[in-house]
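For reference, the structure discussed in these notes is given below.
The values are calculated or read from the model by the stated rules, or taken from the named source; none is laboratory data. Here the structure is a predicted model, which means the values were calculated and not measured. Using ideal geometry, Cβ is built from the backbone for each residue, glycine included, and neighbour counts are taken over all protein chains shown.
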Amino acid sequence: MTNQGKNNKSNKLSSRQRVWKALNHQEPDRIPIDFGGQHTSIHHDGHRVLKKYLGLEDGNDAPIIDQFQMIVDPDERIKNLFGCDVTSFFANPGSNWRLKIDPETDIWSDEWGTSYRRPKNGYWYDYYSFPFKNGTLQELNEYNWPDPYDKNRVRGLRDKASDLYNNTDKALLIHNATGGLFETSAGLRGLENLLIDMAANIDFVDNLAERILEFQLGFWDNILSAIGDLVQVVQIGDDLGSMESLIFSPGIYRKIYKHRRKKLIEFIHSKTEAKVYFHTCGAMRELIPDLIEEGVQILNPVQVSAKNMDSASLKKEFGKDIVFWGGGADASKIMTFADLNGIEEEVKKRIHDFAPGGGFVFASIHNIQPNVPPQNIVAMFKAAQQYGKYPIVV
């Protein structure tokens, strides 16, 4: 069994074959489309409105797959309508953790002990408290680290992945269970404290990143030993940029995180033929060469509205080395405020910039928020299907 699946005897590509060709910088029959998963889905309130708009109300809410962002696994009928070529899924949490939301405070804690609170009438959760209060090595040594080899993480996972592989033609994407080296560090220490530590407590930052790497190596060993032959994409990530710049200096990135991520990606590649998908928001162009050196093959969400993230120049400079997954239309601006013609023109531009030569999977730029009009969502995917056929003419 090859990672991309069996050959299709007809001329029509399966979704899995279509995605695999794009990931190998070849032009398939059309641009692959993604809708769903941790970074290319929709807020649960927006999903309800979209179902109503499409006349698909059935009294059932889609399952929330990320409590922090309040996003869902969309209705399968909507995925099919939008031409989705990807199925995303997660490993199970550790056996000692269950989601428990305090009904009075709307606070919950994750497997790592980080807690989150949603403001009254808020759409999503904010960080609330962090396990490491003082930033000491003693805290690291005394902390009860999650077990990456917990058997519950893979309980039923092989059966689930096999069912998706054999009974759908979709490309399979497995998501990371936690953030990356930097994001998990920030979740344990708090972002503000971690950034201060980078200036005044660098040994703690370094040791914390090493402990998280140890977990992630064990986690992916556990997961990919079970399903590495079935998946086409493995997702990791770290939010490294704001709209204007990197969150911290390139020097710190290269000192603390780069060599560790390279080690992690090399390990993932030793366990599977799947491509490595890296999620980072914001203005992070400066680090794209570093990511390529680390072995990253796919970049998401391609936030073209951030500084120095122009789609045409990104494709020209990096398109031979990295696949752009996302970049289809900005979910916070264009999709919220543009009219239908504006959305069509936006999609046409991004296809024109990203699609030639393959190496492009179409999706919204991050998850679709609840204030995006449903007709705009439909218009985006309709335009992607209309103008995304190879050879590209827009």
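Restricting the first residue to region 97-109 and requiring it to be under 14 Å from Asp126 (Cβ atoms), which pairs with a second residue that is at pLDDT 95 or above and exposed (fewer than 11 other Cβ atoms within 10 Å of the Cβ) meet a Cβ separation below 8 Å and a spacing of at least six or different chains?
Between residues of region 97-109 that are under 14 Å from Asp126 (Cβ atoms) and residues that are at pLDDT 95 or above and exposed (fewer than 11 other Cβ atoms within 10 Å of the Cβ), the close pairs are Trp108/Lys100; Ser109/Lys100.
Under 6 Å between Cβ atoms, at least 6 apart or on separate chains: pull out the pairs that start in region 71-86 with a residue that is closer than 15 Å to Arg30 by Cα and in contact (Cβ under 8 Å) with a residue 60 or more places away in the chain and end on any residue that is among the β-branched types (Val, Ile, Thr) and crowded, with 21+ Cβ neighbours inside 10 Å.
Final answer for the pair search is Gly83/Ile33; Cys84/Ile33; Asp85/Val19; Asp85/Ile33.
Go through the residues of region 60-70 one by one and say whether even a single one is free of Cβ contacts under 8 Å to residues at least 12 places away in the same chain, farther than 17 Å from Thr184 by Cα and in a loop (DSSP other than H, G, I, E, B).
yes
Spot the failing condition for Gln297; the list is (1) closer than 27 Å to Leu50 by Cβ; (2) of a type in the set (S, T, N, Q); (3) within 21 Å of the chain's Cα centre (by Cα), and only one is missed.
Among (1) closer than 27 Å to Leu50 by Cβ; (2) of a type in the set (S, T, N, Q); (3) within 21 Å of the chain's Cα centre (by Cα), Gln297 violates only (1).
In region 110-143, which residues are basic (Lys, Arg) and over 21 Å from Asn371 (Cβ atoms)?
Arg117, Lys133
Going by what's in this entry, would Leu246 be described as within 28 Å of Glu317 (Cβ to Cβ), touching a Leu at 6+ places or on another chain (Cβ under 8 Å) and crowded, with 22+ Cβ neighbours inside 10 Å?
Against the criterion (within 28 Å of Glu317 (Cβ to Cβ), touching a Leu at 6+ places or on another chain (Cβ under 8 Å) and crowded, with 22+ Cβ neighbours inside 10 Å), Leu246 does not qualify.
Please go through region 12-71 and pick out each residue that is within 23 Å of Tyr387 (Cβ to Cβ), surrounded by 16 or more Cβ atoms within 10 Å (Cβ to Cβ) and aliphatic (A, V, I, L, M).
Leu13, Val19, Ala22, Leu23, Ile31, Ile33, Ile42, Leu50
Can you work out which of the residues in region 346-394 that are charged (D, E, K, R) and either surrounded by 24 or more Cβ atoms within 10 Å (Cβ to Cβ) or touching a residue at least 60 places away in the same chain (Cβ under 8 Å) (or both) is farthest from Ile334 (Cα to Cα)?
Lys389
Which residue pairs have Cβ atoms under 8 Å apart, sit 6 or more places apart or on different chains, and have a first residue in region 138-160 that is within 17 Å of Leu224 (Cβ to Cβ) and a second that is modelled with pLDDT under 95 and outside any loop (DSSP other than H, G, I, E, B)?
Close Cβ pairs satisfying both conditions: none exist.
Under 6 Å by Cβ, and 6 or more places apart or on different chains, what pairs join a residue from region 289-310 that is in contact (Cβ under 8 Å) with a residue 12 or more places away in the chain and buried (at least 22 other Cβ atoms within 10 Å of the Cβ) with one that is of a type in the set (S, T, N, Q) and outside any loop (DSSP other than H, G, I, E, B)?
As it stands, the answer is Val304/Ser311, since those pairs meet every condition given.
Among helices (runs of 4 or more DSSP H) lying entirely in region 183-277, which contain 1 or more residues that are closer than 23 Å to Ser129 by Cα and polar (S, T, N, Q)?
191-200, 202-227
Show me the helices (runs of 4 or more DSSP H) found entirely inside region 294-375 where at least 1 residues are of a type in the set (S, T, N, Q) and touching a helix residue (DSSP H, G or I) at 6+ places or on another chain (Cβ under 7 Å).
Because the criterion is at least 1 residues that are of a type in the set (S, T, N, Q) and touching a helix residue (DSSP H, G or I) at 6+ places or on another chain (Cβ under 7 Å), the helices (runs of 4 or more DSSP H) in region 294-375 that meet it are 311-318.
Kindly establish whether Asn167 is under 30 Å from Gly83 (Cβ atoms) and without any contact (Cβ under 8 Å) to a residue 60 or more places away in the chain.
Against the criterion (under 30 Å from Gly83 (Cβ atoms) and without any contact (Cβ under 8 Å) to a residue 60 or more places away in the chain), Asn167 qualifies.
Mind checking which pairs have a first residue in region 195-209 that is within 17 Å of Trp145 (Cβ to Cβ) and a second that is of a type in the set (Phe, Trp, Tyr) and part of a helix (DSSP H, G or I), Cβ under 7 Å, 6 or more apart or different chains?
Every condition considered, the pairs that remain are Ala209/Tyr257.
May I ask you to list the residues in region 143-160 that are surrounded by 15 or more Cβ atoms within 10 Å (Cβ to Cβ) and in contact with an Asp or Glu (Cβ under 9 Å, 6 or more places away or on another chain)?
Pro146, Pro148, Arg153
Between Ser88, Ser129, Ser95, which is of a type in the set (S, T, N, Q) and crowded, with 17+ Cβ neighbours inside 10 Å?
Among Ser88, Ser129, Ser95, only Ser88 is of a type in the set (S, T, N, Q) and crowded, with 17+ Cβ neighbours inside 10 Å.
Scanning for something within 16 Å of Ile64 (Cα to Cα), at pLDDT 95 or above and out of contact with any Leu (no Cβ under 7 Å at 6 or more places or on another chain), does region 125-137 turn up at least one residue?
Within region 125-137, one or more residues are within 16 Å of Ile64 (Cα to Cα), at pLDDT 95 or above and out of contact with any Leu (no Cβ under 7 Å at 6 or more places or on another chain).
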